[in-house]
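A short worksheet on the structure shown next.
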Amino acid sequence: MLFRYLVIGLILLPLKAFALIEVNITRGNLNPLPVAVSPLSIDEKSKKNLKKILEKENLGEEISAVVENNLRQSGLFNPLNKNAFLQKADIANLKPRFEDWNLIKAQALITGKVTFLDEKLRVEFRLWDVLAGKEMMALAFTTVPKNWRRVGHIITDKVYERLTGEKGYFDTRIIYVSEKGPKTNRIKKLAIMDQDGFNNKFLTLGNELVLTPRFSPTNQMVTYLSYFRNLPRVYLLDIETGLQEVVGDFPGMTFAPRFSPDGKKIIMSFAQDGNSDIYTMDLENRIVERITNHPSIDTSPSYSPDGKYITFNSDRSGYQQIYVMNSDGKKTKRISFGNGLYGTPVWSPRGDLIAFTKLHKGKFYIGVMRTDGTGERLLTENFYQEAPSWSPNGRVLIFYRETKTNSKGEGFSAKLWSIDLTGYNEKMVETKTDASDPSWSSLLTN
Amino acid sequence: MKLSKILKNGFLVLLASFVLTACATQKKTTGQLQGDVYTGSDSVEYLASGVQDRVFFATNETVLTTASRETLRKQAAWLRKNSKISIVLEGHADERGTREYNLALGERRANSAKDYLMTYGISSDRISILSYGKERPVDSGSNPLAWSKNRRSVSVKAN
């Protein structure tokens with residue numbers, strides 16, 4: 001119901017201009033691009049009808065607020081204050097007076113129009129290059145009214161892609177573990193929310209401990225660890241139907257699950273007699289394959305996007321380090337050689353980098369390295385943080401961070417944070433409860 | 001000269017008292033930690049009268065200490081006498097490690113206790129393993145002593 005229901009008609013309107021503005025995203029956000037997000041214009045009748053359905057006073061303003069917030073959060077754009085806008089929304093969408101927008105130093109302008117017709121929400125938007133005085137893009141979407149926030153996210157994705165040359169990551173969701181209660185007895189639930197924190201939903205009740213949820217490539221399924229009946233096992237959850245099933249029939253703990261990039265297999269660890277090795281299970285024919293066979297702890301496996309390789313962490317050298325092997329378990333090679341311990345490797349969706357957690361001299365770091373282990377870069381240092389997950393375009397990492405308690409053991413909290421691959425734009429991701437183990441979905445619409 | 005001598009002596013007294021206080025505080029901590037393994041029994045419950053329920057581990061270690069082996073021998077003796085009792089060995093880690101690795105580490109710690117109980121005649125049928133990783137600390141502190149109490153394997157009666 002969450003994902004399949006959406007009907008978005010993508011109609012390309014005439015488009016002629018060249019890309020004149022460009023945002024350089026390899027250097028971080030030192031000079032965010034000044035952009036004016038004009039409120040989308042809306043006629044009185046549509047406004048009234050949409051208000052009845054959605055209880056929003058002015059849906060045009062609401063959608064543009066979603067876009068504005070997304071752009072600001074990305075760190076690459078600086079949305080300008082609406083009070084400075086000189087031109088009315090409806091006229092700006094027809095033909096912007098570029099001098100007016102130039103005056104407030106906007107380099108790009110987003111305008112648009114919202115209509116409600118035949119029970120459908122129709123949103124059109126235009127992206128303008130203010131300096132060149134040209135239209136860069138014009139698109140229209142038709143959908144059911146309740147998807148209005150997603151329309152805002154899709155508009156942001158289109159703008160982001162047009163201005164940076166890379167796919168966006170705004171029409172996405174985060175699955176995570178919602179936490180509450182004392183540190184010694186945390187109550188944990190699976191929860192899902194839009195990338196910007198809206199539309200939060202709990203997927204489990206909190207009766208049993210749940211950990212490490214991860215999306216399938218199509219975002220329909222989630223694999224996670226549940227302590228149902230005190231038997232820690234890897235489970236599958238269908239987000240749409242709510243159906244849950246245990247993965248495989250293992251005589252001991254299974255954990256650290258992830259999907260293969262084609263969504264056909266689950267890769268995970270199975271612990272038996274004090275030894276954890278990596279296994280896969282084919283979801284169609286249920287065939288289980290053992291991938292590693294080593295007396296050390298082998299866990300936290302993650303496939304390369306082409307499915308040919310697996311990265312994982314192992315303490316076979318004596319300490320937790322990161323390894324890469326072929327997907328059949330052959331040609332295992334250690335790739336982390338810096339000081340300290342390395343864990344939770346996760347392959348970038350672009351294929352070129354592996355993000356990880358590092359523990360060195362009592363501090364935890366989130367970092368990235370090339371898949372051969374060279375070019376290690378640490379992005380952030382803290383008392384405790386781990387478990388990075390990539391945005392679908394490979395530009396941003398989301399992870400969780402826990403606070404140090406005081407001498408009485410008070411003051412514990414767990415929160416989600418995100419950081420740009422460049423190490424800039426580190427910020428907390430707002431959640432209603434404490435949160436951990438985030439996993440980023442792929443784009444919901446391509 | 002005299003003044004400097006007085007000062008010198010005063011300094012020595014000060015130094016001595018400082019060393020004494022330092023010893024006193026250090027003793028307090030070393031009293032509960034050997035290396036970084038917890039040696040206290042204050043927070044320990046009992047499997048049965050006089051039989052401690054848990055053993056503690058060094059950071060990233062799964063090796064049993066001398067004290068742990070003694071505790072497990074007592075547990076084995078008690079279990080031999082109470083042959084109908086089954087136990088769950090709950091393995092735990094401290095918060096200073098990644099979640100998934102710690103799940104494996106907890107499992108390994110519990111198995112290390114299991115192997116030892118088995119060498120003292122307890123059948124593996126009577127022992128099941130449950131790793132909590134770092135999910136169920138007993139001490140919510142963020143300091144070496146708290147972490148040492150949390151790195152543990154606890155024998156819990158299952159019936």
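The values are calculated or read from the model by the stated rules, or taken from the named source; none is laboratory data. Please read these numbers as outputs of a predicted model, since none were measured by experiment. Cβ coordinates were reconstructed from backbone atoms using ideal geometry, including for glycine residues, and neighbour counts include every protein chain displayed.
Some observations on this one:
- Scanning the stretch B:92-125 for residues being more than 9 Å from chain A (Cβ to nearest Cβ) and touching a helix residue (DSSP H, G or I) at 6+ places or on another chain (Cβ under 7 Å) gives a total of 11.
Per-residue answers, yes or no, for (1) at pLDDT 95 or above; (2) not aliphatic (A, V, I, L, M):
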| position | (1), (2) |
| --- | --- |
| B:Y46 | no, yes |
| B:V55 | yes, no |
| B:V63 | yes, no |
| B:K74 | yes, yes |
| B:A77 | yes, no |
| B:R80 | yes, yes |
| B:I87 | yes, no |
| B:A93 | yes, no |
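- Just one of (1) surrounded by 19 or more Cβ atoms within 10 Å (Cβ to Cβ); (2) polar (S, T, N, Q); (3) under 24 Å from A:Y424 (Cβ atoms) fails for A:S64. It is (3).
- Here B:A67 meets each of (1) in a helix (DSSP H, G or I); (2) under 18 Å from A:T184 (Cβ atoms); (3) within 15 Å of the chain's Cα centre (by Cα); (4) more than 9 Å from every other protein chain (Cβ to nearest Cβ) with one exception, condition (2).
- Test result for A:M428, hydrophobic (A, V, I, L, M, F, W, C), more than 14 Å from chain B (Cβ to nearest Cβ) and loosely packed, with under 14 Cβ neighbours inside 10 Å: yes
- Residue that is nearest to the other protein chains (Cβ to nearest Cβ), among those in the stretch A:393-407 that are crowded, with 19+ Cβ neighbours inside 10 Å and in a loop (DSSP other than H, G, I, E, B): A:T405
- Matching residues, the stretch A:220-252, being surrounded by 20 or more Cβ atoms within 10 Å (Cβ to Cβ), touching a residue at least 40 places away in the same chain (Cβ under 8 Å) and either more than 25 Å from the chain's Cα centre (by Cα) or away from chain B (no Cβ under 14 Å) (or both): A:V222, A:L237, A:I239
- Taking the conditions (1) surrounded by 22 or more Cβ atoms within 10 Å (Cβ to Cβ); (2) within 14 Å of chain B (Cβ to nearest Cβ) in turn, A:I310 satisfies each one other than (2).
- All positions within the stretch A:269-286 that are over 20 Å from A:K330 (Cβ atoms) and away from every other protein chain (no Cβ under 13 Å): A:L283, A:E284, A:N285, A:R286
- One residue stands out among those in the stretch A:365-387 that are among the hydrophobic types (A, V, I, L, M, F, W, C) and within 14 Å of another protein chain (Cβ to nearest Cβ): the one that is surrounded by the fewest Cβ atoms within 10 Å (Cβ to Cβ), which is A:F383.
- Odd one out for A:Y176, checked against (1) in a helix (DSSP H, G or I); (2) under 30 Å from A:L54 (Cα atoms): (1)
- Candidate set from the stretch A:408-425 (those that are within 14 Å of chain B (Cβ to nearest Cβ) and part of a loop (DSSP other than H, G, I, E, B)); member that is surrounded by the most Cβ atoms within 10 Å (Cβ to Cβ): A:F412
- Total residues in the stretch A:231-256 satisfying the condition of being assigned to a loop (DSSP other than H, G, I, E, B) and either under 23 Å from B:E107 (Cα atoms) or among the basic types (K, R) (or both): the figure is 9.
- Filter pass, B:R109 being surrounded by fewer than 16 Cβ atoms within 10 Å (Cβ to Cβ), touching a Gly at 6+ places or on another chain (Cβ under 8 Å), part of a helix (DSSP H, G or I) and at pLDDT 95 or above: no
- Some residue of the stretch A:164-181 being crowded, with 19+ Cβ neighbours inside 10 Å, modelled with pLDDT of 95 or more, within 14 Å of chain B (Cβ to nearest Cβ) and within 27 Å of A:L283 (Cβ to Cβ): yes
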